[in-house]
Every structure is written in structure tokens, then in C-alpha cells.
Amino acid sequence: MKHGACLDYLRNQVMLVKPKIIVLLGSVALKNILGKEYGITASRGKWIEKKEIFYMPTWHPAALLRDETKKIDFINDLKLVLNKYDLK
């Protein structure tokens, strides 16, 4: 399957499932889902709402292995997701 085909499949799945929250793990996920103008360092930890879906960009788990100081940010970002999920 080509890269574009996988992205189309993912978009179709999102349309079917209609999630309220999507966690984007890393820069590749962020840029492919929301657009090239987004950067993970500037966007992580901030809610982005598009088409009635809330997106939470955060570090990719591999980044946590390379830099353990990012674990605190990652945990805090997931806490934001849990808090928002409780409100839905």
C-alpha cells in the first residue's frame, strides 16, 4: 500500500468512527493529519479543533527514549486528554 492510500484509509476510518479526540504522536502524525504548517515543538500540549474533532499533539514515544526530559510533557499532555474525555 502506498503512503497516500494508508492516509486515505485512516481518514475514512475517522469518518466512520467519528472520534471526539485524537492524540497525534509525533511530528509525522501531526503534519500528515493537520498540515505541514504545524510543528510538534510549538503545537504539543495545545488543543487543536478541526471539524468537531479535538486533536492533542504530543511527543512520539521514541522521542521519550532519546530524551527522558520529554516524559513529563508527554504525561501532562495525556492528562489533558483524560480531563477532556471526562467532559465529553
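The values are calculated or read from the model by the stated rules, or taken from the named source; none is laboratory data. This structure is a prediction, so every number in the text was calculated from the model and none was measured. Cβ placement follows ideal geometry from the backbone for every residue including glycine, while neighbour counts extend to all protein chains displayed. Only protein heavy atoms, including side chains, enter the accessible area calculation; ligands, DNA and RNA are left aside. Shrake-Rupley method; radii C 1.70, N 1.55, O 1.52, S 1.80 Å.
Counted as membrane-span-like here are DSSP H helices of the chain whose alpha-carbon atoms extend 15 Å or more along the helix's own axis and whose Kyte-Doolittle mean is -0.5 or above; these are 3-17, 70-87. Find how many whole Å separate the alpha carbon centroid of region 52-82 from the alpha carbon centroid of region 3-43. Using only Cα atoms to place each centre, the spacing works out to 15 Å. Normalised by the number of residues in the chain, the mean separation of alpha-carbon contacts (under 8 Å, six or more apart) gives a relative contact order of 26 percent.
A simple charge model with +1 on the Cβ of Lys and Arg, -1 on the Cβ of Asp and Glu and nothing else charged puts the dipole of the chain at about 160 debye relative to its Cα centre. Stretched out straight at 0.36 nm per residue, the stretch from residue 81 to residue 5 would grow longer than its current Cα-Cα span by 24.5 nm. For the chain, taking the reciprocal of the average inverse distance between every pair of different Cα atoms yields a Kirkwood hydrodynamic radius of 13.7 Å.
Rounded to a whole number, what % of the accessible area of the chain do carbon and sulfur atoms account for, probe 1.4 Å? Before the final figure, lay out the partial values.
On the way: 3850 of 6330 Å².
Looking at the chain in its full context, I get 61 percent from C and S.
Taking 0.36 nm per residue of separation and subtracting the Cα-Cα distance, what length does fully extending residue 21 through residue 62 add? Before the final figure, lay out each step's value.
Numbers: separation 41, 0.36 × 41 = 14.76 nm, distance 2.19 nm.
Between residue 21 and residue 62, full extension yields 12.6 nm more.
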